[in-house]
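Taken together, the values in this text are just the output of simple stated rules run on the coordinates, not laboratory data. Since the structure is predicted, the reported quantities are computational estimates derived from the model, not experimental observations. Here the Cβ positions follow ideal geometry from the backbone for every residue, glycine too, while neighbour counts run over all protein chains shown.
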Amino acid sequence: MFSDKYNSALNEVSPDEKIKQKILNSINENQVKPKLHFKRAAITSVAVAASMLIVITSGFLGIKTGNLLNAKLSAPKNYEEIYKAVKKSAKSSYFLLEDEAVDVTVAEGNFNMYAKTESQTATDQTNDDHSDTTVQVEGVDEADLVKTDGKYIYKLDSVNSTFTIIKAGKKPTVESETDLTIDRYFLYEEMYLYENYVVFFYDDCLTYKNTLVAVYNVSDVKNPVKVHEFIQRGDVETTRLIGGTFYLLTNYGISREDIEKDEPETYVPTFVCNQNKSVMSADDILISPNHKNAAYTVICAYDISDGKVISDKALFCNTYTVYCSKSNIILASIAGEETVVYRYSISKEGKIQYCSEGKIRGSLLNQFSIDEYNDYFRFVTTATNSQKVDYEFTSAVTTVTSNSLYVLDKNLKQVGKVENIAPGERVYSVRFMGDTAYFVTFRQIDPLFSVDLSNPKEPKIIGALKIPGFSDYLFPFGEGKLFGIGQDADEKTGQVGNVKISMFDISNPANVTEEAKEILFSNYSESLFTHKATFINKNKNLIGFPMTDYSYDTTSYYMIYSYENGKFVQKAKVNFGKTFENLRGLYIGEEFYIISDDTLYVYNISDFSKVAEIKI
Amino acid sequence: MSNKAIGTVLEAAMPANAFEKYANTVYRLAFVRTKNKADSDDILQEVFLRYMKVYEKMESEEHVKAMLLRITVNCSNSLKTSFWQKKTEPLDEKLQSEDEITDTYVLQQVLNLPLKYRTVIHLHYYCGYSVEEIANLQNSNPSTIKTQLARARATLKKTIKADDL
């Protein structure tokens, strides 16, 4: 048993007795005799776990112009109404540290306000032919460890809080290594690149209630300079970058002890923009009756180059999955066995506006379970159903999972659905491609379903391919092909095995076949957990992903395959030694780069001959 | 659940009592996070210093433990420790072959995990917290914690065969 051994080993780890005694002595000296004091409010049993349904008695309030009226959500007129809603649902926190108050303070740093982006310096070798982060929706960038603009490679090492800029090419060089450390903040492992700006974000470790965003200007690659800083309440749910607008979604939870009636900033989201603090206006807040505790989902749009907040909104409701297209943000929230979805529109300028609310049965696996197409929103969910099973002399109720696909219109009203797909299984991966949706369910056998969505009101399952194992992520690969990466499984026992890559022929969605597959040498790859770890490009005919082998000594590799004549052909297997993860592949022009926390390899993209290797 | 009357301080929350009971617990979490005994000693001291400021507010035994662990996580984020070094303090035993999965080997595998993962493994398997409780402790999303725990387990499974991973 792991637990026993782990506990046993730790029980041997103890502080030195002398040190213990020293601390105990100092405690006894300083320990204040307990004194009587009175709490602000009477202490009653803390309500444990029960869902609280907030009834907003302020009546049926119209929502601001342009938005639809909705009986379930309410738009508070002022802070007092918000206060009441928050107070009612706020639970006691275990974590109030009085002297480290929930105050938004700005971290120190050197700021230089740059007016606009500066043009690139003379010796321009920017190559427009380069890869970008593997994202869900084209035009909607997602944060990642590595970014490139075709001339430089930007790499983040979050363990050491350093940011490295490497000049790409056959003889790559490290141009700078910047320390991004901010006291009491914890750097996230991903960033954005937009023109001459790089965006980083951090968790506030002290209060766990703030997210700090730092924008650096990198026009001088030898000397990146911080130019803007934002602090938003809550901790990161997700982020996106569309054009020069950075969207930050956070979950902001409020504990009972934090709330002061006279101080709106204790129960309303706040944000700090280059040292200017604002409290969100009641106009920008909506209260949903669906929440277990007091928490907001806060969405802000920031202009990266100007350093301004373009738009800010908050929904008093927890979110568990977010989807973002170029024009809409969908927030999904759990409501018992259903999911409530909210649509916020986003304009080209970055203005966010609430639009509508809808409901679907079941829960969503991740962002890929949601898709927007031609003003329709499609969802694939897994739901738990209670089923009564009759036996000879008795009956029993069992819970069975089943899967569904829903099509909602732009008002999030259901127009079409297919339910009870593959009972007993759950969704493992989803990919929507225009009029067709593909998704994988798994228990032992992996049906890859194809759904025809050409008529939104009548979605139809047109194919189900049964194969052992499952795919965690599906990627389109040119015309008529779908690439999947996941794991193999034993057909009889269902025991999950090694990493498996598959190429599906989807030229006829009603008759999908697994044209090729390859089972790898171990069962762990970062690509099983995030789509960003997979490099896939049909034009270059290359697929890249990391693999980790734990059989003797932990060793990680980066695998490169191309797809030729219906077969996977291994082009490279690069050994990165003892590194756990954070491998990424990208290309610029003729070179393919593979980068880890401390090494950069450069290969020729045609024959994968090694061109260079540097330590970074 | 509150089990004290208004206006008094919980017996179990008194710093000396809390120290007797939880010094080792705090130390071990600090050790798993920093991988360094010297830093863990410093953190042990710092944690109880901070705890002295809030002990009067403790409402129950569970509250005391959770508060101490929360402070420990905070302190072991601090840049004042040598925490940012990747070096692990070598444990006394040499690495065993994979046939002999000793306690030390298991601990070593956990310490090899990245910070976030070994923290959730520790809070789950040593402190006995559930996903929800761990999320609460770090003011994180339960789904984030679930993912971290799943990934950590998946990684550990490669070198440790165990039913409870």
Worksheet item: How far is it, in nm, from the label point at B:SER143 to the one at A:ASN25 when both lie 7 Å from their Cα along the line to the Cβ?
Response: 5.3
Practice prompt. Counting other beta carbons within 10 Å of each Cβ, put A:PHE475, A:PHE483 in order, fewest first.
Written response: A:PHE475, A:PHE483
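What ranking of A:GLU357, A:GLU138 emerges when the number of other C-beta atoms within 10 Å of each C-beta is taken as an exposure proxy, fewest first? Walk me through the numbers before you get to the answer.
On the way: A:GLU357 23, A:GLU138 9.
Going from sparsest to densest Cβ surroundings: A:GLU138, A:GLU357.
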Practice prompt. Measure up A:LYS326/B:LYS157; A:LYS147/A:LYS500; A:LYS457/A:LYS540 against 29 Å on the Cα-Cα distance and list the ones that go over.
Written response: A:LYS326/B:LYS157; A:LYS457/A:LYS540
Worksheet item: Among A:LYS226, A:LYS22, A:LYS578, which comes first, second and so on when ranked by fewest other beta-carbon atoms within 10 Å?
Response: A:LYS578, A:LYS22, A:LYS226
Worksheet, complete the sentence: Inter-chain shielding metric for A:20-28, i.e. average beta-carbon neighbours from other chains within 10 angstrom, reads 5
Worksheet item: If we count every other residue with Cβ under 9 angstrom of A:GLU189's Cβ, Lys/Arg +1 and Asp/Glu -1, where does the sum land?
Response: -3
Discussion item. Can you classify the stretch A:224-378 as rounded, prolate or oblate using the Cα gyration tensor, where a ≥ b ≥ c are the square roots of its eigenvalues, rounded means a/c under 1.5, and otherwise it's prolate if a/b beats b/c and oblate if not?
Written reply: oblate
Worksheet entry | Set A:LYS481/A:LYS571; A:LYS151/A:LYS615; B:LYS35/B:LYS65; A:LYS466/A:LYS538; A:LYS84/A:LYS209 screened for pairs whose C-alpha atoms are more than 23 Å apart | A:LYS466/A:LYS538
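Give me the inter-chain shielding for B:15-21: mean count of other chain Cβ atoms within 10 Å, whole number please. Spell out each step's value before the answer.
Working: counts 8, 4, 1, 1, 5, 3, 0.
For peptide B:15-21, the averaged partner shielding equals 3.
Specify whether the C-alpha gyration tensor of the stretch A:270-340 places it in the rounded, prolate or oblate class, a ≥ b ≥ c being the square roots of the eigenvalues: rounded for a/c under 1.5, otherwise prolate if a/b is larger than b/c and oblate if not. List each step's numbers first, then the result.
Values: a/c = 2.91, a/b = 1.64, b/c = 1.78.
Oblate.
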Worksheet item: Residues of the stretch A:462-481 with amide nitrogen under 20 Å from the 7 Å Cα-to-Cβ point of A:TYR376?
Response: A:462-464
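Under a Cβ-Cβ cut-off of 11 Å, what is the net charge of the residues other than A:ASP235 that fall near it, where Lys and Arg count +1 and Asp and Glu count -1?
Values: positive: A:LYS209, A:ARG233; negative: A:ASP203, A:ASP204, A:GLU237.
After counting each charged neighbour, the total is -1.
Beta carbons within 10 angstrom, averaged per residue: use that to sort the peptides B:32-43, B:65-76, highest first.
Values: B:32-43: 21.6, B:65-76: 23.4.
The most tightly packed comes first, giving B:65-76, B:32-43.
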Fill in: Residues of the stretch B:59-74 with amide N under 20 Å of the 7 Å Cα→Cβ point at B:MET52
B:64-65, B:67-74
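Please work out whether the stretch A:489-616 counts as rounded, prolate or oblate from its C-alpha gyration tensor, where a ≥ b ≥ c are the square roots of the eigenvalues and a/c under 1.5 means rounded, while otherwise a/b larger than b/c means prolate and anything else oblate?
Oblate is the answer for the stretch A:489-616, as a/c is 1.5 or above yet b/c matches or exceeds a/b.
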Worksheet entry | Relative packing of peptides A:534-543, A:362-371 - highest average C-beta neighbours within 10 Å first | A:362-371, A:534-543
Fill in: Charge context of A:GLY480, other residues only, Cβ under 15 angstrom, K/R +1, D/E -1
-2
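If the chain between A:VAL415 and A:ASN575 were fully stretched, how many nm would it gain, using 0.36 nm times the residue separation less the Cα-Cα distance?
Numbers: separation 160, 0.36 × 160 = 57.60 nm, distance 5.08 nm.
So the extension gain works out to 52.5 nm.
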